[in-house]
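What follows is one structure encoded as structure tokens, with my remarks underneath.
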Amino acid sequence: MKLILTQLNYAYDIVCEGEFMPRGIPSSDPTMLAMALVGYEIEKQKIEDKIRQIRARLGGRAAGANAGTPAAAKGGPRRKRTLSVAARKRIAAAQRKRWAEHRKKVAQTGKGA
């Protein structure tokens, strides 16, 4: 059996000359396995090309084992962020203001009913 590979618009066609196998009959024929291997190698190459293109668009990160891990995971546990006293006071004042507005709306709604 002779294998012929042709490329048409980035799609490969495997053309076999010789015997045709009926459907549904499993075969461990080395020629059939070789054809399957060729097809999978082509698909693998396409996938690897797409991965390279995506990585290039993401900023050219290296194709290493840690390429997809976030920076925080590499450096260990995150340090707890602390707020200054002034920042805590501003946050508390803003929250008190929101609650005062909420209570005012509730009181107005209660009087109107």
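Any read-out appearing in this document is the output of simple, stated calculations on the displayed coordinates, not a laboratory observation. Because the structure is predicted, anything quoted here is derived from the model rather than measured.
Couplings 3J(HN,Hα) for the stretch 42-49, derived from phi with the Karplus relation 6.51 cos²θ - 1.76 cosθ + 1.60 (θ = phi - 60°), are 5, 5, 4, 5, 4, 5, 5, 5 Hz, where x marks Gly and Pro.
Extension gain, E101 to E43, is 14.6 nm, computed as 0.36 nm per intervening residue step minus the present C-alpha separation.
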